[in-house]
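Written below as structure tokens is the structure these notes are about.
The values are calculated or read from the model by the stated rules, or taken from the named source; none is laboratory data. Keep in mind that what you see is a predicted model, and the values were worked out from it rather than measured. Methodologically, a virtual Cβ is constructed for each residue, glycine included, from the backbone with ideal geometry; neighbour enumeration extends over all protein chains shown.
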Amino acid sequence: MLTHENLLWNAFYASQCADFGPHEVFLSFLPMSHTLERTGGYYLPMLLGAEVAYARSIAQLAQDLQLIRPTILVSVPRIYERVYTRILDSLEKKGLAARLLFRLAVRVGWRRFERSQGRAIWTPEQLLWPLLKKLVAGNVTEKLGGQLKMAISGGAALCPQIARVFVGLGVPIYQGYGLTESSPVVTVNRPWSNVPSSIGQALPGVEVKIGDDDELLTRSRCLMRGYWKNEEATRAMIDAEGWLHTGDQAGVDADGHYSIIGRIKDIIVLSNGEKVPPGDMESAILLDPLFEQVMIVGEGKPYLSALVVLNEEHWQAFAAGLHVDPQQPATLRDPKVVKALTRHVAHQLKPFPGYAQIRRLHLELKPWTVDEGLLTPTLKVKRNQVLDRYRAVVDALYADFAR
């Protein structure tokens with residue numbers, strides 16, 4: 001139960017986190033039923049006296065960015081992931097020289113950003129930025145409308161590598177964090193204090209602390225009244241001192257920038273006792289454009305497996321390289337195909353510990369959707385619902401172990 005007071009205080013606190021004004025143009029495309037869009041893309045611009053344009057659809061978002069030329073974009077990580085994948089696809093077609101120039105632009109741009117934040121010193125290669133901006137970075141910022149001064153990412157964790165690329169190219173990404181129960185924003189990065197790998201600092205007027213089991217707790221005027229006709233659930237969520245228990249594990253640095261470690265309930269405990277937060281691993285896998293969606297499983301098992309939805313376009317090219325028919329469902333069960341894709345997954349997971357590796361894959365081409373109840377409106381995977389649907393598949397992935 002969110003009150004008018006909850007939502008307006010959250011919008012007011014958020015308005016103090018940047019130099020906002022009535023001249024802003026917001027491009028809205030998330031569902032208005034989602035609290036992130038309701039507060040960040042509706043009440044906030046209303047409070048500022050700013051303009052809101054409504055995108056026609058996610059499929060037409062690229063065109064709408066060019067047409068509207070927004071200054072503020074409130075988005076979920078999946079949109080940035082898709083743009084990032086398209087950039088990589090384009091580079092792959094252009095050849096080695098273009099890829100090297102792109103990497104140089106990202107590196108120099110990132111150093112400029114770090115210097116602007118007081119975390120790095122000037123280096124001679126930064127003299128190359130005007131040229132790199134013209135040849136590389138400007139092309140990306142123009143595709144986003146050319147006027148973007150804040151690209152806010154929320155609703156799920158943004159992969160640090162993707163954030164680094166966009167920030168390095170001059171796209172001002174600010175990651176934040178919140179829950180529906182907190183109206184929703186709890187923390188966000190600021191233009192003058194931005195650590196893209198973090199979820200930022202607490203909003204003014206919002207208290208945040210780390211509790212037992214490293215759980216992130218928050219308290220403010222933005223917290224819900226409770227769950228409708230469910231006092232037991234309300235008491236489990238908000239304690240006697242008014243702290244809302246988010247269920248997310250977090251850490252915090254000396255400057256008050258918080259980082260999410262994982263969802264307490266989502267942490268996978270293997271049969272050997274090792275605890276694996278799957279979120280970072282899934283984000284790393286999705287950096288490979290072959291993979292559209294992924295969910296790691298393995299609770300109580302000796303190793304990790306993954307349910308994977310392939311990107312249809314990239315799958316066609318990949319299958320051709322293996323000389324298999326991409327149209328045949330049986331191809332997705334071909335040991336040669338599964339082995340090759342498992343190697344791709346392993347490559348993405350090189351930085352992770354040995355126990356955090358994927359041994360088995362289940363492959364599909366049909367994406368999980370919001371309408372099926374397998375994704376949230378912000379395109380996060382509903383783990384329990386996906387697990388329920390694929391329970392027989394998961395059991396089959398561990399059939400040899402069971403015997």
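Annotations
- Top-ranked residue in segment 4-26 [being over 29 Å from R225 (Cα atoms) and among the charged types (D, E, K, R); ranked as modelled with the lowest pLDDT]: D19
- In the set (1) at pLDDT 95 or above; (2) surrounded by fewer than 19 Cβ atoms within 10 Å (Cβ to Cβ), V167 fails one condition alone, (2).
- For segment 241-296, the set of residues classified as in contact with a Lys or Arg (Cβ under 6 Å, 6 or more places away or on another chain), without any contact (Cβ under 8 Å) to a residue 24 or more places away in the chain and within 16 Å of T218 (Cα to Cα) consists of G242 only.
- Neighbours by Cβ (under 9 Å, 6+ apart or cross-chain): first from segment 106-117, in a helix (DSSP H, G or I); second acidic (D, E): R107/E125; V108/E125; R111/E125
- Filter pass, V76 being more than 24 Å from P204 (Cβ to Cβ), out of contact with any Phe, Trp or Tyr (no Cβ under 8 Å at 6 or more places or on another chain), in contact (Cβ under 8 Å) with a residue 24 or more places away in the chain and surrounded by fewer than 20 Cβ atoms within 10 Å (Cβ to Cβ): no
- Test: residue in segment 122-138 that is touching a residue at least 12 places away in the same chain (Cβ under 8 Å), assigned to a loop (DSSP other than H, G, I, E, B) and not hydrophobic (A, V, I, L, M, F, W, C): yes
- Among the candidates P377, P353, residue that is loosely packed, with under 15 Cβ neighbours inside 10 Å, assigned to a loop (DSSP other than H, G, I, E, B) and assigned by TED's automatic domain parsing to the domain that holds L286: P353
- Evaluation of Q293 against (1) more than 30 Å from T35 (Cβ to Cβ); (2) in a strand (DSSP E or B); (3) among the polar types (S, T, N, Q) (one fails), failing number: (1)
- Test for V345: is it aliphatic (A, V, I, L, M) and part of a loop (DSSP other than H, G, I, E, B): no
- Members of segment 107-142 found to be hydroxyl-bearing (S, T, Y) and over 21 Å from Y80 (Cα atoms), listed by number: S116, T123
Residue by residue, here is whether (1) in the same structural domain as C159 (by TED's automatic domain parsing); (2) under 26 Å from the mean Cα position of the chain (by Cα); (3) outside any helix (DSSP H, G or I); (4) crowded, with 20+ Cβ neighbours inside 10 Å holds:
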{"position": "L287", "(1), (2), (3), (4)": "no, yes, yes, no"}
{"position": "E299", "(1), (2), (3), (4)": "no, yes, yes, no"}
{"position": "E313", "(1), (2), (3), (4)": "no, yes, no, no"}
{"position": "A317", "(1), (2), (3), (4)": "no, no, no, no"}
{"position": "A320", "(1), (2), (3), (4)": "no, no, no, no"}
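- Given (1) of a type in the set (A, V, I, L, M); (2) part of a helix (DSSP H, G or I); (3) over 26 Å from R391 (Cα atoms), index of the condition V337 fails: (3)
- Qualifying residue in segment 145-153 (condition: assigned to a helix (DSSP H, G or I), in contact with a helix residue (DSSP H, G or I) (Cβ under 8 Å, 6 or more places away or on another chain), within 28 Å of R221 (Cβ to Cβ) and among the hydroxyl-bearing types (S, T, Y)): no
- Only one entry in I79, I58 is in the same structural domain as L144 (by TED's automatic domain parsing), within 22 Å of G176 (Cβ to Cβ), assigned to a loop (DSSP other than H, G, I, E, B) and of a type in the set (V, I, T), namely I58.
- First in segment 312-327 and touching a residue at least 24 places away in the same chain (Cβ under 8 Å), second anywhere and outside any helix (DSSP H, G or I) and among the polar types (S, T, N, Q), Cβ under 7 Å, 6 or more apart: none
- Residue-level analysis places Y43 among those that are part of a helix (DSSP H, G or I), on the phi < 0 side of the Ramachandran plot, modelled with pLDDT of 95 or more and buried (at least 19 other Cβ atoms within 10 Å of the Cβ).
- In segment 62-74 there is no residue matching the filter, namely being modelled with pLDDT under 90 and either more than 30 Å from D288 (Cβ to Cβ) or among the acidic types (D, E) (or both).
- Looking across segment 175-191, the residues that are in contact (Cβ under 8 Å) with a residue 40 or more places away in the chain and farther than 17 Å from R219 by Cα come down to N189, R190, P191.
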